[in-house]
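Participant: Attaching a single structure in structure tokens format; questions to follow.
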Amino acid sequence: MHVKCIRENPASPPARGEGELVEIYILIGMHKYASPKTFYPLAGTLIPWLAGATVLLLALGLYLGLFVAPPDYQQGETVRIMFIHVPAAWMSMFVYAVMAAAGAAALVWNVKLMETLASACAPIGASFTLLALITGSLWGKPMWGAWWVWDARLTSELILFFLYIGVMALRASIDDPRRAARAAAILALVGVVNIPVIHFSVEWWNTLHQPASVGRMGKPTIHLSILMPLLTMAVAFTFYFLTAALLRMRNEILEREKHTSWVQELVESRR
């Protein structure tokens with residue numbers, strides 16, 4: 001009996017597993033949509049859907065918060081400010097985290113689209129922070145008897161607002177967009193230390209601000225009739241952020257890529 005021996009070619013690459021192939025396909029897709037030319041039309045497709053979801057969720061959240069949720073036994077009708085204030089405060093921290101993460105990705109991998117995302121986040125996050133500060137002041141007056149107190153939570157939130165302003169001012173002060181993006185990313189990363197300070201300030205210090213009621217370990221200490229409109233408004237604000245961020249990113253992509261052939265072709269096709 002003759003046995004045929006098959007020798008493997010040492011130069012041939014080893015067979016790839018399914019998991020490795022999936023990872024390769026994901027990386028190829030990420031690289032594809034990281035291109036401004038590919039991302040621009042994708043964002044244009046997503047914006048109407050995100051905007052529609054934002055309007056529907058805002059309408060539902062405001063209806064639940066204003067007409068369905070009961071008044072608080074201590075705060076009365078003023079508790080309804082919470083449905084704007086709390087989601088705005090959540091978003092102020094979330095958007096900053098996204099901005100810092102995008103800045104870090106831009107620094108490490110030199111991805112232009114991440115620079116654009118970080119730039120788009122700054123004014124949106126500053127708006128959420130300002131809204132949280134204003135509604136917090138309106139809520140605090142009847143509860144604390146003052147428009148403002150130098151409470152740890154309020155002070156750290158004010159610092160967050162100044163960080164947003166600093167990131168935008170630093171970016172605007174440098175003419176070269178790439179250098180401006182790197183400098184703003186470094187400042188944003190330094191400011192990340194303020195995020196846990198905001199979150200844990202009510203636990204680390206003796207403050208007037210109430211502790212967390214929703215994000216506690218275990219069961220939230222808030223009634224479902226209050227929790228549902230609160231979460232609905234939080235999701236609505238998230239969809240608004242996505243819509244506004246994509247709009248701003250598309251505008252900045254056009255500004256940055258205005259000398260490229262694909263942007264000039266796009267402009268010509270719309271005339």
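Participant: For the stretch 72-175, with equal point scatterers placed on the C-alpha atoms only and solvent neglected, what are the log10 I(q)/I(0) values from the Debye formula at q = 0.13, 0.14, 0.15, 0.18 1/Å, to two decimals?
Facilitator: -0.54, -0.60, -0.66, -0.85
Participant: Provide, in order from the shortest bin, the percent of all Cα-Cα pairs of the stretch 43-258 in each 10 Å bin, continuing until the bin that contains the maximum pair distance.
Facilitator: Histogram of Cα-Cα distances, whole percents per bin: 8, 31, 33, 20, 7, 1.
Participant: Would you work out the charge dipole size for the stretch 43-258 about its Cα centre, treating the Cβ of every Lys and Arg as +1 and the Cβ of every Asp and Glu as -1, and quote it to the nearest 20 debye? Mind dumping the intermediate values first?
Facilitator: Working: 14 positive and 11 negative charges, 61 e Å.
In debye, rounded to 20, the stretch 43-258 gives about 300.
Participant: Can you put 150, 90, 262 in order, fewest other beta carbons within 10 Å first?
Facilitator: Going from least to most buried by this count: 150, 262, 90.
Participant: Moving to a separate point now. Need the full-extension length gain, residue 174 to residue 34, defined as separation in residues times 0.36 nm minus the C-alpha distance. One decimal, nm.
Facilitator: Full extension of this stretch gives 48.0 nm more.
Participant: Oh, and also: For 68, 86, what's the fewest-to-most ordering of other Cβ within 10 Å of each Cβ?
Facilitator: Least to most surrounded, the residues fall as 68, 86.
Participant: Once you put a point 7 Å from the Cα of residue 149 and another 7 Å from the Cα of residue 186, both along the Cβ direction, what distance in nm separates them?
Facilitator: So the two model labels end up 4.0 nm from each other.
Participant: Sort 200, 39 by Cβ crowding within 10 Å, fewest neighbours at the top.
Facilitator: 200, 39
Rule-based calculations on the coordinates, nothing more; no lab input. Quantities reported herein were computed from a predicted structural model and do not represent experimental measurements. Cβ: placed from backbone, ideal geometry, glycine included. Neighbour counts: every protein chain shown.
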